[in-house]
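> Sharing a structure here in structure tokens format.
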Amino acid sequence: MIENESTKVIGFDLGHGEFSLAEVWMGSRNEPEIIEINNKRTQVTAVGKNNTGKIIIGENAIRQADVQSLEISFKKKPSTCNDSQKQNIHDFVAEVYKKLIENKNIEEVTKSYFFVGCPSGWQTAEKNAYQQMMTEAGLKNVSIVQESRAALMHAKERQPSDSKDANKTRIQPSDLAKSVLVIDIGSSTTDFTWVINRDDNPIDCGLNLGASLIDKEIYRRTLDTHPNKEELEQIFQEYPFFIHRCEHACRCNKEEYFRDVDGYKNNHFVNAKYERIQNKFIFDPQVNYQIIEEILNQPMKELGNKSWKSAFRDSLKEVRQKLDSIGVTPSKILLTGGASRMNFITTICDEIFPNSPWIKDTEPELTIARGLARWGRIDINTRNFKDEADKILKRDLKGIVEGNIETLINSQAQKLANGAVNHGLKPQLIQWREGKISTPEDLESKVKQEYEHWLTGTEASKIFNSELSDWLGTVCKKVEEKLSPLYDEYGLSKAGLGMTKFELKPQTRKFSSSIFTQDAITYIETYTYIEGAAAGAVVGGLAGAAVGAGGAAAYAFLAEVALAAGPVGWVALGVGALGLGIGAIVGTEEKTGTRSKDKTKVSDQDIEKKVQEQKNQLCQAMQNGFNQDQNLKQKLIEEMSQVLKDAVQTKIDKARLLIASDDG
């Protein structure tokens, strides 16, 4: 059942350097709204305590004079957090939740879901641990989502102010079906993620390339040139929270500089923020064009003695090399994170990826929070859709398969019998007529041998796979018709409703039987397409999902099912028909090994008649053999039902990023 209008989704972008939150209602298609904390839309990730032990967060923790302890930039991967850092995260998140309640962003009558971002490189164990930390801090109904997915969701769904510029400012579904490179430039790291459809592929470039390195260098230079350096160092040693305040002032001045680089090229100093130290000293961060250029181009030990600019350029070159090695050219580059405002970032992107246009939100520091809220709304809808779809699949799927299984068996039996007889019997009868095969026993033995050879060969395997793939597609369409009414209920676009194409591929693994040894196991790959679409175009499927070329395998046959139901198994099912009626065409010829006049009287019409009879007999024997083996029949029904269920669920799981917007 779809969530009601009083259900709220909150996207929580808890970054290393800054944080922000956005909210949407489940019953609305409106743009996400930013939630202000401390009357600010985005602010420093900071947590402190005053002299009474009260927890203070964000800008207030930086500003308030009675703060006795202060921590900033404390977000880390759970497996690398010590107890103190875990406590900082707990206190910070708990205070955010408290303020949401105080500001009535969350009320008792409101059901809320939280979607918290994490780097794309975090594995399942890290995400589970992070989710547990969020839950213990008080958040309800928490999900952890890769930040790259959230950024893409916002870039796809956001409404541009000018419709003419939509292609320049948005990610299109066609871009996602190809590939998008997401570059998230944060305070502690720069993350590169290649995304196709919903699949994240983090690219590790080996450096912690964070914008806070620039802040720290501004801090160092300002302190080194300060006339009261020694006094300040003594205060900082005794009261470390002053260091965090001063570094924050450095960050504010840096951000102000990059908002208007041209305005500071005359070397005017930025005067956005300074810090007063114990009412005795002023710490005024020194930022102008010359200083920033020196910092960006000087070697940094944290970057292996590379400069910030060269480290970013080299990292992007490494990304380019890795993508080139797998034949990928990003359709677009999505820049996110507040530090993506730095003007040289786009210049380097154009240099390294000249054929991949970049896009960036007008407020990149809010992209992920908004995207998390969007993702959450769609995730909940598709999650509920999936629950309802599961009920339908459980109720109807097996019946659909069972009602159509005879079609599959009959079609395969006819085509395989036709191929086996044309390749196994007809040529041997001609050779027997010409005296190249001497006796009826030799003829029957040769026919049996050629039957088995053809039925276990490449041509029969292609027929088997083709027939099964077509059958799966036809039955899948019937399954999707059962699910179609759910689209209206959940507001999901029918425009992207596609069909599933199944391709069976061999998997090298040998199995033995009393008759033969054969590579028999196969696996199925699924592709989503729309009939009549341009050749090779990958478009939306269920709920707009697309599983592009080379998509993940949907299901692997069990060996015994492949052996029994595949081309190899057809030999065993039809072996009883081998040689049936051969004596009628051979007649009463003496088994002397000499050419008989009776052979020469066998006409082409006689051979064609016997071939057709044998096709019918072999086909019937195969069908009867399958139908009489109820265990095999039920096994195949169960396996095919599972294949279809997996394919449908995969498409639903892929739906989030490719659900069409209202504007189509």
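> Restricting the search to the range 266-289, which residues are of a type in the set (A, V, I, L, M) and in a strand (DSSP E or B)?
I277, I282
> Pull up the range 315-332, narrow it to residues that are touching a residue at least 60 places away in the same chain (Cβ under 8 Å) and over 20 Å from L152 (Cβ atoms), then point me to the one that is surrounded by the most Cβ atoms within 10 Å (Cβ to Cβ).
Of everything passing the filter in the range 315-332, S315 is surrounded by the most Cβ atoms within 10 Å (Cβ to Cβ).
> List pairs: first residue in the range 464-479 and under 27 Å from K391 (Cβ atoms) and in the same structural domain as L397 (by TED's automatic domain parsing), second residue of a type in the set (S, T, Y) and assigned to a helix (DSSP H, G or I) anywhere in the structure, Cβ distance under 8 angstrom, at least six positions apart or on different chains.
Going by the 8 Å Cβ cut-off, the qualifying pairs are W471/T407; W471/S411.
> Where residues in the range 87-137 are part of a loop (DSSP other than H, G, I, E, B) and surrounded by 17 or more Cβ atoms within 10 Å (Cβ to Cβ), which of them is modelled with the highest pLDDT?
That would be A137.
> G371: buried (at least 23 other Cβ atoms within 10 Å of the Cβ) and part of a helix (DSSP H, G or I), yes or no?
yes
> Still on this structure, I have one more. Would you be able to tell me the number of residues in the range 370-405 that are of a type in the set (A, V, I, L, M) and under 18 Å from R29 (Cβ atoms)?
Total satisfying the criteria: 4.
> Which condition number in (1) within 25 Å of E480 (Cα to Cα); (2) out of contact with any helix residue (DSSP H, G or I) (no Cβ under 8 Å at 6 or more places or on another chain); (3) surrounded by fewer than 18 Cβ atoms within 10 Å (Cβ to Cβ) is the one that P354 fails?
(1)
> Sticking with this one: If a residue has to be in a helix (DSSP H, G or I), surrounded by fewer than 20 Cβ atoms within 10 Å (Cβ to Cβ) and in contact (Cβ under 8 Å) with a residue 24 or more places away in the chain to count, how many in the range 430-443 make the cut?
3
> Looking at the range 217-234 only, could you name the residues that are assigned to a helix (DSSP H, G or I) and buried (at least 17 other Cβ atoms within 10 Å of the Cβ)?
Correct list: E217, I218, Y219, R221, T222, L223, L232.
> Select from the range 298-329 the residues that are more than 17 Å from T347 (Cβ to Cβ) and within 28 Å of the chain's Cα centre (by Cα) and list them in ascending order.
Result: E318, Q321, K322, L323, D324, S325, I326, G327, V328, T329.
> Picking from E59, E36, E31, which residue would you name as being within 20 Å of R149 (Cα to Cα) and of a type outside the set (K, R)?
Criteria check complete, one pass: E31.
> Between a residue in the range 66-85 that is more than 22 Å from R245 (Cβ to Cβ) and assigned by TED's automatic domain parsing to the domain that holds Q132 and any residue that is of a type in the set (F, W, Y) and at pLDDT below 90, which pairs come within a Cβ distance under 7 Å, given they are 6 or more apart or on different chains?
K77/W122
The values are calculated or read from the model by the stated rules, or taken from the named source; none is laboratory data. Just so we're clear, the structure is a prediction, and the values are computed from it rather than from any experiment. Neighbour counts run over all protein chains shown; Cβ positions are idealised from the backbone, glycine included.
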